[in-house]
Amino acid sequence: MPKSTVPDIREHKGAIGSKRLVMITAYDAPGARMVDEAGADMILVGDSLAMVVLGYEDTLQVTVEDIAHHTAAVSRTKPEALIVADLPWLSYHISIEETVKNAAKLIRAGANAIKLEGGRRRIPMIEALLSAEIPVMGHIGLTPQSINAMGGFKVQARDTKGAMDLVSAAKALEHAGCFSIVLEGVPSQVASMVTTSVNIPTIGIGAGPECDGQVLVLHDLLGFEKKITPKFVRSYAQFHVEGVSALSEFISDVRNGSFPSEDESYCLSSETSEELGLYGAM
């Protein structure tokens, strides 16, 4: 299977017989290998890294350096999936020059494209990135970097004005040159309106089944944490439960002396053992 490219993703929409796109958020080499082997189209190195891996309560604490570090880990696996890296909060809000410099750090780390949040206000940044040959994925609806302005993680576009504003924002992002748009935390009917109004793929997360693709976080999909997950998450495994059980068994084996066994230990040759024994070492 050839490496996925930005044109592949962009042209996926409307292609005869095309299946829904799949993007999975992963942050390290083992996760990237699993995602790529499973056949996902894109790997997102998301700013959710802050909450999922680094233990923060929101995404605002993660830095460009953090994202670059984890992007490089994903990139080293040489996945066939397209690597998309998030520009974190305050990395594209101050100036166009700083936006391009920060995005370049992620591209140099191994990303094939970057993702940023926001609608029309981000158009100058998007145009500058595209001028620097950096592909851009948009992200509208519930934008976690705006958690304080939005008053929390709340579903967006729940009234007529909100729905029409979202459609308008999506069209503006398409016109600016985004190759795809993430729709997060919006009613499925609104996501359907947006999807049919643009000629680039929409990738949904908490946006219903009518988007051109879906994205979820690897750790949520595999049940890495024993916690309440958002309504839009479906877990396909229970790694936390299975992992704790396996670790408990290991701890028990160590404490009762059954690990390591002779099969898991290195031994000297009988000749060397005998020589050491002659000198009182054994």
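The values are calculated or read from the model by the stated rules, or taken from the named source; none is laboratory data. Everything numeric here is computed off the predicted structure, so don't read it as measured data. Cβ: placed from backbone, ideal geometry, glycine included. Neighbour counts: every protein chain shown.
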(request) Using the structure shown, decide if SER168 is in contact with a Pro (Cβ under 6 Å, 6 or more places away or on another chain) and modelled with pLDDT of 95 or more. (result) no
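Are any residues in segment 148-174 in a loop (DSSP other than H, G, I, E, B) and closer than 16 Å to THR196 by Cβ, and if so, which ones?
ALA157
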(message) Can you name every one of the helices (runs of 4 or more DSSP H) wholly within segment 198-282 that holds 1 or more residues which are within 20 Å of VAL52 (Cβ to Cβ)?
(response) 218-221, 239-256
(message) Tell me yes or no: at least one residue of segment 86-100 is within 15 Å of the chain's Cα centre (by Cα), farther than 22 Å from ASP220 by Cα, in the same structural domain as LYS171 (by TED's automatic domain parsing) and crowded, with 17+ Cβ neighbours inside 10 Å.
(response) no
(message) So, in segment 219-244, how many residues would count as being surrounded by fewer than 11 Cβ atoms within 10 Å (Cβ to Cβ) and at pLDDT 95 or above?
(response) 2
(message) Step by step: first the residues of segment 132-152, then only those that are hydrophobic (A, V, I, L, M, F, W, C) and without any contact (Cβ under 8 Å) to a residue 40 or more places away in the chain, then the one that is farthest from VAL186 (Cα to Cα). Which residue is that?
(response) ALA132
(message) Looking at ALA40, ALA15, can you tell me which residue is more than 15 Å from the chain's Cα centre (by Cα) and without any contact (Cβ under 8 Å) to a residue 60 or more places away in the chain?
(response) ALA15
(request) Taking ALA207 as meeting all but one of (1) surrounded by fewer than 22 Cβ atoms within 10 Å (Cβ to Cβ); (2) more than 16 Å from the chain's Cα centre (by Cα), write down the number of the exception. (result) (1)
(message) Show me the strands (runs of 3 or more DSSP E) found entirely inside segment 1-118 where at least 2 residues are closer than 30 Å to LYS226 by Cα.
(response) 21-25, 42-45, 82-86
(request) Can you give me the number of residues within segment 255-282 that are at pLDDT 95 or above and surrounded by 11 or more Cβ atoms within 10 Å (Cβ to Cβ)? (result) 2
